Amino acid sequence: MAQKLKTDRTLFMTVLVMVLFGFIMVYSASSVVAEMKRGTSYYYALRQLLWIVAAIPVLIFFKNLHYQKLQTPAVAFTLMGLVFIMLIAAYVMDPAQHRWIRFPLVGGIQPAELAKPAVALFLAYFIALRSRAINSRYTLVPAILAVGFITMAVVVADLGTPIVLVTTAAAMFCVAGLEWRYVGIALVVGCLAGVVAVAAKPYRLVRVIRFADPQFKLVDKFDKAGWIRTQMKKSVTAKDTNYQIEQSKIAVGSGGITGVGLMRGKQKLFYLPESHTDMIFAVVGEEWGFVGSSLVVLGFLIILWRGIRATVLMQDEFGRYLALGITAMLVIQAFFNISVALGLVPPKGIPLPMISFGGSSLLVTLASLGILMNISEHAG
């Protein structure tokens, strides 16, 4: 008779507490806006609650599903193919933003969210399969092509998710033993690709330039022909792209040590854009202060700890790399979002896992954490 595995209660309880806290913060951050725009202050909170009700069983399902059942080419390649098809569908069905596939009643889903665990699972399978020849071109080329196609499909509409995808893949390959010369080449290629992706979209160029050089001193010094300013003028989405960061800093600074109190924040009242989605950490900072913000960061540090623990203790290579990929994916996304809210990096739309409003993000995050819990339980 198989021995019953012991639940990783530390990880499990951390996730449940963060999901509950996220629900509370979604209501706090969106209630006034929802009342004004939707006629009821509970609009976004109720939608988030419905997604929580749907996502918790998914978490439990993957927690109880042996992770090795995912170690098949059918799962790895089918999921990647499905994501690619969904990204193409989103491009066609959402001509304005190229991000959403809309459904009646439930709203929409973002295929880019599903791309994150799909890439982590595919690379875990592929690296485990080719671990003895990780630096061979027969390993690197197929992996680069697979991840590259997904990344290029995502970057059309979103730059934040590709950053998460690429950094997650880099972490997995580095741990697998990728030679430093290949790391250097990948770094150079990644930087060049990032520059091209930013320059290709005027609104991205506006965000980066205004963040790094708001007075255009360096731009005017090195761009005598005025090409950059010409490209920036093509953007009509935002005239002052630093406004969001400035309002976020005001919110975080207003919170002080203990915050102004739940529901008492002012910046969310039409000052701070996307207060219940991408910038919800700023609302946490204002209403819960340094203490509350630190507890949110602590939650992600606990996930990082449990993920690294599972990676180190797991003897099975697939489980090890899958735990690493999921952990890197979630933690990188979380700290990228927090960095935007604190004004440490240019503004980019990317949700804070389990805290921000968003159904597809929550569903994918809890499914991924369910897999991580199962691996952690098998790691001992």
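Failed condition for LEU20, given (1) in a helix (DSSP H, G or I); (2) touching a residue at least 12 places away in the same chain (Cβ under 8 Å); (3) closer than 24 Å to VAL297 by Cα, with all others met?
Going through (1) in a helix (DSSP H, G or I); (2) touching a residue at least 12 places away in the same chain (Cβ under 8 Å); (3) closer than 24 Å to VAL297 by Cα one by one, LEU20 breaks only (2).
Being at pLDDT below 85, crowded, with 17+ Cβ neighbours inside 10 Å and of a type outside the set (Phe, Trp, Tyr): is that true of ARG229 here?
no
LEU59 - would you say it is within 17 Å of ALA118 (Cα to Cα) and assigned to a helix (DSSP H, G or I)?
Judged against the criteria, LEU59 is a match.
Do any residues in the stretch 6-17 that are of a type in the set (D, E, K, R) have Cβ atoms under 9 Å from those of residues that are part of a loop (DSSP other than H, G, I, E, B), where the two are at least six apart or on different chains, and which pairs are they?
Once the first residue is of a type in the set (D, E, K, R) and sits in the stretch 6-17, its partners that are part of a loop (DSSP other than H, G, I, E, B) give LYS6/GLY380.
I'd like to check something: does the stretch 314-326 contain any residue that is basic (Lys, Arg), more than 19 Å from SER30 (Cβ to Cβ), surrounded by 21 or more Cβ atoms within 10 Å (Cβ to Cβ) and over 16 Å from the mean Cα position of the chain (by Cα)?
Checked the stretch 314-326: at least one residue is basic (Lys, Arg), more than 19 Å from SER30 (Cβ to Cβ), surrounded by 21 or more Cβ atoms within 10 Å (Cβ to Cβ) and over 16 Å from the mean Cα position of the chain (by Cα).
Could you check the stretch 325-353 and list, in sequence order, the residues that are among the polar types (S, T, N, Q) and out of contact with any Leu (no Cβ under 7 Å at 6 or more places or on another chain)?
GLN333, SER339
Provide a single number: the residues in the stretch 261-270 that are over 20 Å from PHE23 (Cβ atoms) and either of a type in the set (D, E, K, R) or at pLDDT 95 or above (or both).
1
Can you find even one residue in the stretch 132-146 that is within 28 Å of VAL15 (Cα to Cα) and in contact (Cβ under 8 Å) with a residue 60 or more places away in the chain?
No, because not a single residue in the stretch 132-146 is within 28 Å of VAL15 (Cα to Cα) and in contact (Cβ under 8 Å) with a residue 60 or more places away in the chain.
Report, by residue number, each residue of the stretch 185-211 that is exposed (fewer than 11 other Cβ atoms within 10 Å of the Cβ) and closer than 21 Å to LEU344 by Cα.
CYS191
The values are calculated or read from the model by the stated rules, or taken from the named source; none is laboratory data. Note that the structure is predicted; figures quoted are calculated from it, not measured. FYI the Cβ positions are ideal-geometry reconstructions off the backbone, even for glycines, and counts take in every protein chain you see.
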